[in-house]
Amino acid sequence: MKKEIKKILVANRGEIALRVMKTCKNLGINSVAIYSEADQSAPFVKYADEAVLVGPAPSIKSYLNQDKIISEALKLNVDAIHPGYGFLSENAEFASKVTDAGIIFIGPSPKAIEIMGDKLSAKNAVMEYDIPMVPGLNTAVTDVNEAKESAEKIGFPILIKASAGGGGKGMRIVENKDEFEDQMKRAVSEAENAFGNGAVFIEKYITEPRHIEIQILADQHGNIVHLFERDCSIQRRHQKVIEEAPSSVLSAEMREKMGQAACDVARACDYYGAGTVEFIYENDSFYFLEMNTRLQVEHPVTELISGVDLVEEQVKIASGEVLSDYLNNLKIIGHALELRVYAEDPMNDFLPDIGKILVYNKPTGEGVRVDDAIEAGMDIPIYYDPMISKLIVHGENRTDAINKMIKAIDEYDIVGVKTTLSFCKYAINHPDFRSGNFDTRFVKLNFSDPSILQADNETVKAGLAAIYHLNKMDKIDQTFLPSDESSWRKK
Ligand code: ADP
């Protein structure tokens, strides 16, 4: 039965909250923002048709405060809640509570979230569909000796993974049996701390993989389509920094094969909504990693090459509509790239660099999209993920997209905090990236000496920030200014 959605509360913050609200506006749906005390004047709050303070800055008291969010939603008569990514987006309990309160949860069923929320239960659920898996254990191990024995059978190097894992936490590579015990203890304690669940399992460590994931859409009537792949192989600390679509390594045949496998994974948990099935890929073989039961950070690259607004489709699916016919006949249009612009210092092991954004000028132009929710004068709060924005470009082909991206990076001015832009420019311009011939070791292999970036714009921008500060305080010391203009390379 079709239910009309006229008002959506977005249970999230930052760029993704704003991005969801923009689609709401296009669809003539009213949006409600929730915000913490740290986000009082954030752009996503100003953009929303209504906004409600849900608590103090720490997420546990605001963006994760399920009962408060639901009670505000009820007071404001919202029809549906969109959880974005992160926070409560993969929380089965929240999805249940929302539904029980008579509000539509824009996402899959609590059951599907639960099954796919645990890497081991996900593996077990897809077993009957013959989905290729990384060689390894399908059950949790607690006994170190037993685990070591299994690791030897699988063959080193192996990867210890937290069953409840996410964000690369609780993941340890073990090169040989001597390191095993120590690394297992670390993985268990990291998993306990991060997820309150110390269950770990073991997988063969694939040494030169690509991370390739498939976007799927499924309605509540059993129809499932895939919207091709995204290649997210450029990672630091097992976390993505650059994503693209399509992948430079997939043949049309392999794309279809992986696409069908992804649809089967969705089928295995009676999935509906937008979802992503992650695989690792090496030498023409692919292995199922996990399914993310929500909109991904990197969804815009799929939107640009498919022409589909994924949030719009999420809303339609949630309201009970059948997938539109056109989704069965999609063609890949050109090539898209996305950079995650983090307030992090690439020169210092990507440590967060929180502070005030003093200058913020973003690139514009045909095929350039910036998903952000910040403006000059704003602080990057310490409480949340330090992502400032996503810079996305769409080109006729991969080379065109790369060139467009470099131009866009050069036009992007962020002063006040260190960002990953200089690293991304270096990576995108690197011959290995340009050739399309790289794997998840890219950062390790090509970025062991971060001083490569020394001469790049971060240094200049840090200097400019200092000058800006001094200027503002009206205490500018002329001797501080560079005497030779040329030593301050503009970009
Ligand atoms: P998380 O949920 O913590 O993000 P994932 O299972 O999605 O963990 O894996 C994150 C990344 O770690 C992958 O993109 C890949 O680069 C790497 N990875 C995961 N499993 C393996 C494996 N068995 N061999 C090699 N790399 C892996």
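Numbers below:
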| item | result |
| --- | --- |
| Odd one out for Leu53, checked against (1) surrounded by 16 or more Cβ atoms within 10 Å (Cβ to Cβ); (2) touching a residue at least 24 places away in the same chain (Cβ under 8 Å) | (2) |
| Pair list, Cβ under 6 Å, 6 or more apart: segment 1-26 residue in contact (Cβ under 8 Å) with a residue 24 or more places away in the chain, other residue in a strand (DSSP E or B) and open to solvent by 20 Å² or more (accessible area, probe 1.4 Å) | Lys7/Asn30 |
| Qualifying residues in segment 367-402 (those that are open to solvent by 30 Å² or more (accessible area, probe 1.4 Å) and among the hydroxyl-bearing types (Ser, Thr, Tyr)) - the one farthest from the chain's Cα centre (by Cα) | Thr399 |
| Single unsatisfied condition, Ala194 versus (1) outside any loop (DSSP other than H, G, I, E, B); (2) within 12 Å of the ligand (Cβ to nearest atom); (3) buried (at least 19 other Cβ atoms within 10 Å of the Cβ) | (3) |
| Matching residues, segment 59-71, being under 19 Å from Ile16 (Cα atoms) and either of a type in the set (Lys, Arg) or surrounded by fewer than 20 Cβ atoms within 10 Å (Cβ to Cβ) (or both) | Ser59, Ile60, Leu64, Gln66 |
| Out of Ile206, Ile212, sole residue that is in a strand (DSSP E or B), touching a residue at least 60 places away in the same chain (Cβ under 8 Å) and open to solvent by less than 60 Å² (accessible area, probe 1.4 Å) | Ile212 |
| Where a residue in segment 256-277 is on the phi > 0 side of the Ramachandran plot and its partner, wherever it lies, is of a type in the set (Asp, Glu) and not in a helix (DSSP H, G or I), with Cβ under 9 Å and at least six apart | Gly273/Asp219 |
| Residues (of a type in the set (Val, Ile, Thr) and over 23 Å from Arg230 (Cα atoms)) located in segment 363-411 | Thr364, Ile374, Ile380, Ile382 |
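Residue by residue, here is whether (1) among the β-branched types (Val, Ile, Thr); (2) in contact (Cβ under 8 Å) with a residue 12 or more places away in the chain; (3) surrounded by fewer than 17 Cβ atoms within 10 Å (Cβ to Cβ); (4) touching a Gly at 6+ places or on another chain (Cβ under 7 Å) holds:
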| site | (1), (2), (3), (4) |
| --- | --- |
| Asp325 | no, no, yes, no |
| Asn348 | no, yes, yes, no |
| Leu351 | no, no, yes, no |
| Lys356 | no, yes, yes, yes |
| Lys404 | no, yes, no, yes |
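The values are calculated or read from the model by the stated rules, or taken from the named source; none is laboratory data. This structure is a prediction, so every number in the text was calculated from the model and none was measured. In this analysis, Cβ positions are derived from the backbone assuming ideal geometry, glycine residues included, and neighbour counts consider all displayed protein chains. Please note that ligands, DNA and RNA were not included when accessible areas were found on the heavy atoms of the full protein model with its side chains. Shrake-Rupley method; radii C 1.70, N 1.55, O 1.52, S 1.80 Å.
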